[in-house]
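Working notes, beginning with the structure itself.
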């Protein structure tokens, strides 16, 4: 694969991606307007008081008095200059609202992702090496349990055990507010708060990776080139690492690519149960409040991330398996 | 003042306003059980849902009022019996004709940015800021003919005509004093200072991490020397109700309020020895819940049918089994916590047999399935307890042969359908604001039938009711208003335009060592300048 081919590939994909994102934005814009009610009615509902002047003032302030196509054009014009708009409800720019939540989101989803991927592949490999034996059965049963258990239930159980009974870990929040910790103490404090939500979010995916890795390892281990390597006297550890694992990773990478694209979207459930200040909740609350600009901003960021990670996944295939070419 | 539950807001009481205050301070201290206030400590609590903004007037949602009530202040605060007490105004007097209100401000009132708060700020807030942004205050403030500041500590409002409940509007939840120097001449709703509220209250906004917490810190130049006692208040944003209950149980927060704890969790906390559960402090709001009925739809337009519905509902069951004793069953359209409640005007009692007899009399006979009529009910999307209420109502009405189809929606959808009259029945609750003219009239008078939520969306029309409310509004004498409101209550309970359910209250649960939590008729909305942790 030459540098020229790669550049052409990237250029072509970027153009395609731009159209996909544009389509997503327009589609979402229209879609959320189909939901009944608007931000003015939510504010009236939450204030328990309104008069016709108040409603008209709000709709004018939010720009909702203009025709829908005009609102769409304004939004598209802004988005092309990477201006995500303004939340009139919260009197903040959407970029700052998202930017404020992004670190917390990436920390949580990133930690859960790393835990699930590394732990899952390790468990899957371990199980495949002991296929049919008690260790394999144990891993398979544990993975199935986590796969089948609703995520909020796992969260509540973890809280019950580690926060209420053992009192080891805090049950909610991202750090000890008001303690004003800095440096290492702050990092440790955040880590303590991170463990339960990251475990809750990660366990489900850990189960998926473990099952994927185990099945894929077993399939590859049966193939001729592995038998050949073994016949040549290649040490078993090297066979597993180089010959089997590398080939078995392709389906894992495919799934990891899909999951990675969703990292920015956060997780509404886990963020809600653990009061984690992430983007999932921001989007969910924006949906309920009909805070259109915020919701579209989150959709836009998520769409961009999905497109980027699809591209990265395609490139990774080529790295892991030289037979795959980018095209 | 013959009735002890009905302190008149008229001239006599008003002139006594300043004198009554020291007496109430003693009550505060009695609540503290003789413990001397101790300075220090940070109160960790919860706010649900997170307010979008903290500028009172621009945003008036419940959580905004709770947090904003620490940052801003009004001219007066209200006692549990809704008598005005000095806050930013040290004293006030009313002219004999009830038209001229003269307020004298406290000494050394300072905004959080260090600038003094003067009569100019008060006049700006009342005549410009709240007139422009605040739909609730607007209706009352437009009765002001002129506002003058003869000196920096005196404000004189002259009304176009006497208005008996006028002082109620000067509580912080309705008319917070905002800094003129930051807002005058700007677009109030889009003012860049809206992300950093500046008030005169005992606490200033120190830090707000969206979705995480709001941290308030002591205002060092607060006008009451030595106060507030707390170093700060941290409002955590915890969206899940079970996580909130857990935070209280494990002591991670020392207080919860409003909707934080679901009613069905309240008994559990009542049993915990270190916690106190208060249900008072909602007297100004006294939210009254009801089945809202669209009078444009048959057979809901028939008072007999509505009376049958009222007979079918066991309000004691709702109060005891759904709200676990937090709040009490409604008896009339004017809540018993507000002035002018008439205990002799009682809505139809729980009597399914009577309900069936009325429906029989209307010619609505049960069909083979026992159904006499079918109606739709839009659920109130405010949380679990409201879903349980709808389910109870469906069952109770089905008992007398009225089949109810439940419709679910979210807040935006609910408000829109309510405002556009696109419902048959729904659940609603509305704040009473301490006076029927301010909080009750709007639901029943035909001049307020509008395509806006919290107006007379039922479409109820009764010329006699219109006349009584209008007279009571303009009547300067409290006793005459009482007679008019008694009459209107009797008319309304006979007509049953809505089926009233509960006088709602919300539990404030706090550690017992936290003192002076509920001392006013606005409870957790008050400034908290006297709240402290006993050692």
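The table that follows gives values for the structure above.
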quantity: In region B:42-70, residue farthest from the other protein chains (Cβ to nearest Cβ) [restricted to those that are under 14 Å from residue B:178 (Cβ atoms) and touching a strand residue (DSSP E or B) at 6+ places or on another chain (Cβ under 6 Å)]; calculated: B:68
quantity: Qualifying residue in region A:216-232 (condition: within 25 Å of the chain's Cα centre (by Cα) and surrounded by 12 or more Cβ atoms within 10 Å (Cβ to Cβ)); calculated: yes
quantity: Filter pass, residue B:396 being touching a helix residue (DSSP H, G or I) at 6+ places or on another chain (Cβ under 9 Å) and surrounded by fewer than 23 Cβ atoms within 10 Å (Cβ to Cβ); calculated: yes
quantity: Residue among B:433, B:421 that is touching a residue at least 60 places away in the same chain (Cβ under 8 Å) and at the interface with chain A (Cβ under 10 Å from one of its Cβ atoms); calculated: B:433
quantity: Entirely in region A:30-83, the helices (runs of 4 or more DSSP H) that have 3 or more residues that are within 20 Å of residue B:429 (Cβ to Cβ) and either at pLDDT 85 or above or within 10 Å of chain B (Cβ to nearest Cβ) (or both); calculated: A:39-47
quantity: Check on residue A:131, farther than 30 Å from residue B:251 by Cβ and touching a helix residue (DSSP H, G or I) at 6+ places or on another chain (Cβ under 6 Å); calculated: no
quantity: Those helices (runs of 4 or more DSSP H) lying entirely in region A:237-307 with at least 2 residues closer than 30 Å to residue A:160 by Cβ and within 14 Å of another protein chain (Cβ to nearest Cβ); calculated: A:268-273, A:279-289
quantity: Residue ID - farthest from the other protein chains (Cβ to nearest Cβ), chosen from residues in region A:86-106 that are buried (at least 20 other Cβ atoms within 10 Å of the Cβ) and either assigned to a helix (DSSP H, G or I) or out of contact with any helix residue (DSSP H, G or I) (no Cβ under 8 Å at 6 or more places or on another chain) (or both); calculated: A:94
quantity: Condition check for residue A:131: farther than 22 Å from residue A:256 by Cβ and more than 14 Å from chain B (Cβ to nearest Cβ); calculated: yes
quantity: Residue satisfying all of: in region A:254-280; over 13 Å from the mean Cα position of the chain (by Cα) and farther than 30 Å from residue A:319 by Cβ; surrounded by the fewest Cβ atoms within 10 Å (Cβ to Cβ) among these; calculated: A:272
quantity: Meets criteria (more than 14 Å from every other protein chain (Cβ to nearest Cβ), part of a strand (DSSP E or B) and crowded, with 24+ Cβ neighbours inside 10 Å) for residue B:77; calculated: yes
quantity: Region A:158-180, subset in contact with a strand residue (DSSP E or B) (Cβ under 7 Å, 6 or more places away or on another chain) and without any contact (Cβ under 8 Å) to a residue 24 or more places away in the chain, residue farthest from residue A:190 (Cα to Cα); calculated: A:178
quantity: Residue check, residue A:241 surrounded by fewer than 19 Cβ atoms within 10 Å (Cβ to Cβ), at pLDDT below 85 and assigned by TED's automatic domain parsing to the domain that holds residue A:141; calculated: yes
quantity: Region B:219-233 - residue that is within 14 Å of chain A (Cβ to nearest Cβ) and crowded, with 21+ Cβ neighbours inside 10 Å and, of those, farthest from the chain's Cα centre (by Cα); calculated: B:230
quantity: Within region B:385-498, helices (runs of 4 or more DSSP H) holding 1 or more residues that are in contact with a strand residue (DSSP E or B) (Cβ under 9 Å, 6 or more places away or on another chain); calculated: B:411-419, B:436-439, B:441-444, B:478-495
quantity: Single residue of B:344, B:337 found to be in a loop (DSSP other than H, G, I, E, B) and touching a strand residue (DSSP E or B) at 6+ places or on another chain (Cβ under 8 Å); calculated: B:337
quantity: Residue check, residue A:7 assigned to a helix (DSSP H, G or I) and within 14 Å of chain B (Cβ to nearest Cβ); calculated: no
quantity: Some residue of region B:81-93 being without any contact (Cβ under 8 Å) to a residue 60 or more places away in the chain and not in a strand (DSSP E or B); calculated: no
quantity: Subset tally (residues that are more than 7 Å from every other protein chain (Cβ to nearest Cβ), in contact (Cβ under 8 Å) with a residue 24 or more places away in the chain and not in a loop (DSSP other than H, G, I, E, B)) for region B:246-259; calculated: 3
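Rundown of residues vs (1) in a helix (DSSP H, G or I); (2) touching a helix residue (DSSP H, G or I) at 6+ places or on another chain (Cβ under 6 Å); (3) not assigned by TED's automatic domain parsing to the domain that holds residue A:302, yes/no style:
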| residue | (1), (2), (3) |
| --- | --- |
| A:108 | yes, yes, no |
| A:122 | yes, no, no |
| A:127 | yes, yes, no |
| A:153 | yes, no, no |
| A:156 | yes, no, no |
| A:159 | yes, no, no |
| A:170 | no, yes, no |
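The values are calculated or read from the model by the stated rules, or taken from the named source; none is laboratory data. Since the structure is predicted, the reported quantities are computational estimates derived from the model, not experimental observations. All Cβ positions, glycine included, derive from the backbone under ideal geometry; neighbour counts span all protein chains shown.
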